[in-house]
Structures are given as C-alpha cells and as structure tokens.
Amino acid sequence: MGSASRVAGIDAMAFHGTHCYLEMADLATARGVDPDKYIHGLGQRQMAVATPCEDTVTMATVAAHRALDRFDIDPGEIGTLIVGTETGVDHSKPVAVYVHDMLGLAPNCRTFETKHACYGAMAGLTSAMDWISAGRARGRKALIIASDIARYGLNTPGEPTQGAGAVAMVVSERPRLLELDPTSFGDYTRQVMDFWRPLYSKYAFADGHYSIDCYLDAFSGAWRDACENSGTWEPLRLDNIDACFYHVPFTKMARKAHHRHCETEWGISVAKENEAKMTEINASYERQVAPWLELNSIVGNIYTGSLFLCLMDYLRKAHPAGGQRLSMFSYGSGCGAAFGTGVVVANAARYADHIDPATHLAQRRRLDIDRYEQLITASETADHNEAPYPDPADWDLGQGLYYVGTRDHIRQYTGSAADTP
Ligand code: HMG
C-alpha cells in the first residue's frame, strides 16, 4: 500500500456518551413542529444531552479508558495524546492535559488539543498517522480522542441537531481494526462564516443552509485533492469502496454528501428529474451509507466524533472478513476538510463486541422537556467560579467521573473513569 515507510492505523476504539437523552418526537411536539421533520427530514430519532456534570474532559477520559481497557493496551504505551474538540474547557489549558493526568499517561507523552470545528479529531488522526509513518513513535501508540457537546440553544433552528459524546481511538503500527492509506488522503480549506462560536458565547451561531453548501463544496475539494495525491483515482472509485462515512451533523446530511460524492466522481450534477441516475445514487446510498448511521441517529451531532461513530457502527455490525476499503470524509465548519480511505484488517470482526456501545446507550435516561430545559439552563453557569456548584446527585448520576464545579478558578472533578457506566 503506497510508498509510506510504516503502516499506521486504528488499533482500538470506544465511545462514551451522556447519561440522558431526548426523544426527537418530544422536542418536535414542544416546539410545535411536525415530528416527521426531525425524524425523517433531518433523520434523527434521539439526541444525547450532557448534564452540567458531564464535560469534554469526563467524556474524553471515560471513552479513552474504555478503549485502553477493552483492547488491553497499557497506558505506558501511549506516546502521543491528541484531543480534538471545539468545546474546550479553558482558553489556554488543553482538555488533553486533564485526560493525560486522569489516565496516568507517561510524562514523555506528547499531549495537545486540536481545534478546527468538527475537523479537529481528523486533524489529530492524520497527525498520528504522520507521526508513526515518520518513525517518531519508537514503537509507541497514539491516543486520539474526539470529545464535544453540541449546543445551539433552546428554540433555535439548530436545536434538533445537538448532541454530545466522545470517541477514543488508538493508532498504532500494528492496527487491529483499520489500516489507513496515507496515499489516499486529500485536504481542503476555505475561510467561510457558516458556523462559529465567539469566545463570549456558550452557543454556536450557524448560517444553517449556507453551512450545508459549504460542506458539500468542501467534499468535492477534498475528494479531488485525494485523487491528485494518490496519483490514480482507481482505489477511490465508489465501486472499490465497501462503505462511505461522512461527517454527520444529522443523518440526512450523509445522504446529501453521498449524492455529491456520486456527482463529483461522475463529473456531472444529478437533478431529481434524472430518474436513472437518482436510482443509482439511492441504491448506492442504501448499500454503502445508510446501514452505518444508526449510532448517529440516536446520539446526534457530537461534532469531532460524528464521522467516527459511523466507523464504529460498521465495525460492530458488518463483520467484515478484512480487505474492505472504507472512505472517510471529515468536515469542520469555518472551514477545513479531509477525505481519505483505509482498509479493514483481517480479523477486525473479532473486536465487534469491544467496540459496540449498545449496552452503554441502553442505560441512558429519557428526559422530558421540562427537565431538558432545566438542564440546559443549569449548564450555562456550571463553570462559573461560585456556587451553586453542579452536583451529580441533582441529575441522578450515581457513580462515575464527573465535573463538580470551579473553585478558586480551578475545575474540580470527582470519581474515576473505571467506575463510570
Ligand atoms: P431548518 O430550516 O429548520 O429545516 O434547518 P429545513 O426547512 O431545511 O428542513 C430540514 C429537512 O426536513 C428538509 O429536507 C425538509 O424538506 C424536511 P431536505 O429538503 O434538506 O432534504 N422537512 C420534512 N420532512 C418530513 N416531514 C416534514 C418536513 N418538514 C421539513 N413535515 C438546518 C435545518 C440543518 C439548517 C438547521 O437545523 C441548522 O441550522 N443546523 C445547524 C447547522 C448544521 O447542522 N449544518 C450542517 C452542515 S455544517 C456541519 O456539518 C458542521 C457542523 O457540524 C459544525 C462543525 O463543523 O463544528 C454543524
């Protein structure tokens, strides 16, 4: 595969989400919207909601602990830790250094945070691939974590596209899940105001419909660069790809992205009236995209981790024999994007149960609208330097790793990742 000196790929994966969720039908009813708009129009069934005691640090740490534990990786093997997030907890101090401490990683582990909206974790993943390929790892592994809380605020158009959660991935020279193909990656960057969150705001601002256009243009740009980078577009042809994963702010976006994927590869634009081509696109969507959107449809937009939820869904359900090529498109508003592929490792199917978050998701508690709105309002002041401090008992959280307020301007945590269900 290509001319890179060393193979690098995903060796372990795990997800940690929130303890509460909202049914999209309940949100629609409360907002006076036809539930079909959220469920079929956007393609979302449920939405994860973080309590004030669950933040980017706690979700990232628990997801990473789960990945190391289930795949039997010693924390001492980690030589690089990157947390991709756009919901950092400090203007200066990275989420990654809290995670480094909570996981007990080695002092010589290079540790930092990346931010470029939803593209932050893909930036981390490709940096890890480059770190290993360049021979800097000295046999060690990289831990890449995507952790975010997506919030647009109550009664906004973005409200049904919120969510929260973290995906942790270990990258190594001997991956057990997916070998990344560095020759197949392409990039795209353009300054656009489609979605942003100013320093003074807890909520994102979005020019929603424009953001969809920016996303689709970024797809075409990154895909063309990938073809140029690989020197041949043969391995990147849809016919040679088993499953296509996209950044998923809501699952309907993956359908739009796949439509653009087909159009870009074919070099034509396909209108609804072109029945033959639409049938082809729909069939390809049902085969290569739709089956792997189940986790996204019940978790919502988790920003940096959304793309990787599709990969987890595939690895837990597809039982691939090995050798399948998978494509990944990451989009971060603002905007930055990457398209690339990887090849499933033989025996990856053996780890389906290690990856599957079904048990964890089944334990979530359903919120009613009043409780959801209380929770969002309480989160607005949860990181202020004075009481009332967030208390896990107020949100019926039980045992686990939680944020419990900021005292003397220092964030406080209680519990441990190992105890978090
Ligand atoms: P909206 O204006 O409320 O919704 O905003 P709409 O009118 O566009 O309707 C949505 C879909 O529902 C449409 O389907 C309607 O036809 C359909 P489409 O035509 O697109 O296929 N619909 C119905 N279907 C069935 N029954 C009904 C019904 N009514 C309507 N009764 C929007 C939607 C996504 C713009 C809004 O929620 C928003 O602003 N979200 C936030 C921005 C966003 O998610 N952008 C996505 C691209 S940018 C991105 O992905 C990056 C991001 O993750 C951030 C980052 O990078 O950090 C956001």
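Taking the condition of being of a type in the set (Phe, Trp, Tyr) and within 16 Å of the ligand (Cβ to nearest atom), how many residues in the stretch 334-360 meet it?
1
How do the pairs read when you match residues in the stretch 293-320 that are within 22 Å of Tyr152 (Cβ to Cβ) and more than 16 Å from the ligand (Cβ to nearest atom) with residues anywhere that are of a type outside the set (Asp, Glu) and assigned to a loop (DSSP other than H, G, I, E, B), using Cβ under 6 Å and keeping only pairs 6 or more apart or on different chains?
Ile298/Arg45
When only residues in the stretch 350-388 that are out of contact with any Gly (no Cβ under 8 Å at 6 or more places or on another chain) and hydrophobic (A, V, I, L, M, F, W, C) count, which is nearest to Val167 (Cα to Cα)?
Ile355
I'm trying to understand the selection: among the residues of the stretch 359-374, which are aliphatic (A, V, I, L, M) and without any contact (Cβ under 8 Å) to a residue 40 or more places away in the chain?
Within the stretch 359-374, the subset aliphatic (A, V, I, L, M) is 361-362, 367, 369.
Residue satisfying the conditions is Ala362 alone.
If I filter the stretch 118-140 down to residues being surrounded by 23 or more Cβ atoms within 10 Å (Cβ to Cβ) and within 22 Å of Thr56 (Cβ to Cβ), which single residue comes out as farthest from the ligand (Cβ to nearest atom)?
Ala128
So, in the stretch 245-281, exactly how many residues are small (Gly, Ala, Ser), surrounded by fewer than 22 Cβ atoms within 10 Å (Cβ to Cβ) and either closer than 15 Å to Gly340 by Cβ or in contact with a His (Cβ under 6 Å, 6 or more places away or on another chain) (or both)?
We begin by selecting, within the stretch 245-281, every residue small (Gly, Ala, Ser); these are 254, 257, 267, 269, 271, 276.
Checking the rest, the ones that are also surrounded by fewer than 22 Cβ atoms within 10 Å (Cβ to Cβ) come to 267, 269, 271, 276.
Next, from what is left, pick out any that are either closer than 15 Å to Gly340 by Cβ or in contact with a His (Cβ under 6 Å, 6 or more places away or on another chain) (or both): none.
Summing the residues that are small (Gly, Ala, Ser), surrounded by fewer than 22 Cβ atoms within 10 Å (Cβ to Cβ) and either closer than 15 Å to Gly340 by Cβ or in contact with a His (Cβ under 6 Å, 6 or more places away or on another chain) (or both) in the stretch 245-281 gives 0.
Out of (1) touching a Lys or Arg at 6+ places or on another chain (Cβ under 9 Å); (2) among the hydroxyl-bearing types (Ser, Thr, Tyr); (3) under 29 Å from Asp194 (Cβ atoms), what's the single condition that is false for Tyr389?
The failed condition is (3).
Name the residue that is farthest from Ser269 (Cα to Cα), counting only residues in the stretch 213-237 that are among the small types (Gly, Ala, Ser) and part of a helix (DSSP H, G or I).
So in the stretch 213-237, the residues among the small types (Gly, Ala, Ser) come out as 218, 220-222, 226, 230-231.
So of that shortlist, the ones also part of a helix (DSSP H, G or I) come out as 218, 220-222, 226, 230.
Numbers: Ala218: 16, Ser220: 12, Gly221: 15, Ala222: 17, Ala226: 20, Ser230: 24 Å.
The extreme case among them is Ser230.
Which residue pairs have Cβ atoms under 7 Å apart, sit 6 or more places apart or on different chains, and have a first residue in the stretch 9-35 that is more than 21 Å from Gly165 (Cβ to Cβ) and a second that is in a helix (DSSP H, G or I) and away from the ligand (no atom under 16 Å from the Cβ)?
Ala30/Ile369
For the stretch 251-285, give me each residue that is of a type in the set (D, E, K, R), at pLDDT 95 or above and within 16 Å of the ligand (Cβ to nearest atom).
Listed by number, the residues that qualify are Lys252, Arg255, Lys256, Arg260, Glu263.
Only residues that are farther than 19 Å from Asn282 by Cα and hydroxyl-bearing (Ser, Thr, Tyr): list them for the stretch 221-246, please.
Ser230, Thr232
Are any residues in the stretch 146-174 touching a strand residue (DSSP E or B) at 6+ places or on another chain (Cβ under 8 Å), part of a loop (DSSP other than H, G, I, E, B) and surrounded by fewer than 24 Cβ atoms within 10 Å (Cβ to Cβ), and if so, which ones?
Within the stretch 146-174, Tyr152, Pro157, Gly158, Glu173, Arg174 meet the criteria.
Return the pair list, or none, for Cβ contacts closer than 9 Å from residues in the stretch 68-87 that are closer than 25 Å to Ala164 by Cβ to residues that are in a helix (DSSP H, G or I) and among the acidic types (Asp, Glu), at least 6 apart or on different chains.
Every condition considered, the pairs that remain are Leu68/Glu77; Arg70/Asp353.
Would you mention how many residues in the stretch 251-304 are among the basic types (Lys, Arg) and outside any helix (DSSP H, G or I)?
1
Please enumerate the residues belonging to the stretch 194-212 that are assigned to a loop (DSSP other than H, G, I, E, B) and within 12 Å of the ligand (Cβ to nearest atom). Walk me through how you get there before you give the answer.
Here is the first cut: in the stretch 194-212, the residues assigned to a loop (DSSP other than H, G, I, E, B) are 194, 197-204, 207.
Matches in the stretch 194-212: Asp194, Arg197, Tyr203, Ala204, Asp207.
Ile144 is checked against (1) in contact with a helix residue (DSSP H, G or I) (Cβ under 6 Å, 6 or more places away or on another chain); (2) within 16 Å of the ligand (Cβ to nearest atom) and fails just one. What number does that condition carry?
Against the list (1) in contact with a helix residue (DSSP H, G or I) (Cβ under 6 Å, 6 or more places away or on another chain); (2) within 16 Å of the ligand (Cβ to nearest atom), Ile144 comes up short only on (2).
Looking at Ala134, Ala164, which is the one that is touching a helix residue (DSSP H, G or I) at 6+ places or on another chain (Cβ under 8 Å) and small (Gly, Ala, Ser)? First the steps, then the outcome.
Numbers: Ala134 fails: touching a helix residue (DSSP H, G or I) at 6+ places or on another chain (Cβ under 8 Å).
Answer to the check: Ala164.
On the basis of being of a type outside the set (Lys, Arg), surrounded by fewer than 18 Cβ atoms within 10 Å (Cβ to Cβ) and closer than 19 Å to Phe329 by Cβ, does Asp242 make the cut?
Judged against the criteria, Asp242 is a match.
The values are calculated or read from the model by the stated rules, or taken from the named source; none is laboratory data. Quick caveat: nothing in here was measured; it's all calculated off a predicted structure. No Cβ is skipped: glycine too gets one built from the backbone with ideal geometry, and neighbour counts run over all protein chains shown.
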